[in-house]
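The values are calculated or read from the model by the stated rules, or taken from the named source; none is laboratory data. What you see is a predicted model, and the numbers here were worked out from it, not measured in a lab. So basically every Cβ, Gly included, is an ideal-geometry build from the backbone, and we count neighbours across all protein chains shown.
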C-alpha cells in the first residue's frame, strides 16, 4: 500500500527496512549464516546493523542532496509571509516538506495574484481619478478663460455684457473653490487630520433643521420632506454634530435633485441596540445596480451630463462615506430603477 505524502524520515525508514530485509535474504540464500554463527553474530544482529546503517546513509543523502535545497526554497517563501525564525522552525525532516512547499507555493501564488489584481485596480482607479479631476477642473477653468477673453476683447465696455460675464466667471470660480475644498476635506479625512468633536445630540432635531433649510429647494420640485411613521420623535446619538449635519444635508439634497416631481424624501430612525440606523429614502429615478458598488467613489457620476446640470462637485457621497467611516460606522445604498433610492447609515446610540 502506497504511503501518501511521506516525510523524509519515513522514506529513510522504508529504505532501511527494505535494504535490511534484502541483506538478510541474500545472506540466508548464500548460506553465509554459518560463518556468522562461528563468530557469534546472529541473524537479528545482521538485520539491525543493516537497518541502522542504511537508515543513516539514506537520511544523510536526502538531507544533503534533496531536502536541504527544498528547505531553502521553503524558508525563502515562508520568510515573505512569516518571520525568518518562524519559517525555520516550520522545517523538520519529520514533516512532509514537499507537501508544505507545494502549499506555500500555491498560497504565495494566490497572494501575488491578488496583489497584482489590486495594484491593477488601483492603477486604473488612479488613472480614472486623475482624468475625472482634470475634467472637473477644466470645465470651470475654460468657462472663466472664455469670459475673461470676451471681456478683454471689448466686452468690458459693454454694460450689458460685462456684469453678466463677470457673474458667470464668479460662479465658475466658486465651483473651483468647492472642488478644492472638497478634495482637501477628503484628504484630511483619509489622513486622519480632521478631528471629530463628538458629543450627544438629537439627530431628529438636526434633520428637522435640515428640512427647514431645504424647504424652498424642495418646494421648487414639489417634493415633500417628512419623517417615517414612528420616527418623528427625539433620537439621541453620539457623534460630531456638524459633520453629521453635512452627511444629512448631502443625502437630502441628492434626494431632491434626483427625486421625481411631486415625489417625497422620507427620513426614518431605527433602534439597532447599540446603534441608531438612519434611513433616507426618495421616490426618484433610481440607480442601476451596476453603478451601486462605485456610487461612493470620488467624481463618480451615474449620469454625468445630468449630474453636472444639477450642480455639485461629484465628491459629496465620497465625503459622506469618509465622514461616516471616521465615526467607525457604515453607510449603504440600495435602489430600484423607477422606484427610488435608499441610503442608510449608522451612528452610535447615546447612552441613557
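Quick notes on this structure:
- The residues listed here are 235, 253; of these, the one that is assigned by TED's automatic domain parsing to the domain that holds residue 274 and in contact with a helix residue (DSSP H, G or I) (Cβ under 6 Å, 6 or more places away or on another chain) is 235.
- Among residues of the range 189-207, those that are assigned to a helix (DSSP H, G or I) and exposed (fewer than 14 other Cβ atoms within 10 Å of the Cβ), counted: 3
- Failed item, numbered, when residue 242 is tested on (1) without any contact (Cβ under 8 Å) to a residue 12 or more places away in the chain; (2) assigned by TED's automatic domain parsing to the domain that holds residue 267: (1)
- Sole exception among (1) farther than 15 Å from residue 344 by Cα; (2) touching a residue at least 12 places away in the same chain (Cβ under 8 Å) for residue 267, by number: (1)
- Within the range 320-335, considering residues that are within 17 Å of residue 252 (Cα to Cα) and not in a strand (DSSP E or B), the one nearest to the chain's Cα centre (by Cα): 321
- Filter pass, residue 232 being at negative phi and crowded, with 20+ Cβ neighbours inside 10 Å: no
- Scanning the range 239-274 for residues that are crowded, with 17+ Cβ neighbours inside 10 Å, within 27 Å of the chain's Cα centre (by Cα) and part of a strand (DSSP E or B) yields a total of 2.
- Residue selected from the range 208-222 under the condition over 25 Å from residue 235 (Cβ atoms) and part of a loop (DSSP other than H, G, I, E, B), by the criterion farthest from the chain's Cα centre (by Cα): 222
- Residue 150 passes every criterion in (1) under 30 Å from residue 276 (Cβ atoms); (2) crowded, with 16+ Cβ neighbours inside 10 Å apart from (1).
- Residues of the range 336-352 that are modelled with pLDDT under 90 and under 30 Å from residue 137 (Cα atoms): none at all.
- Test: residue 225 is in contact with a helix residue (DSSP H, G or I) (Cβ under 8 Å, 6 or more places away or on another chain) and either surrounded by fewer than 16 Cβ atoms within 10 Å (Cβ to Cβ) or not in a helix (DSSP H, G or I) (or both): yes
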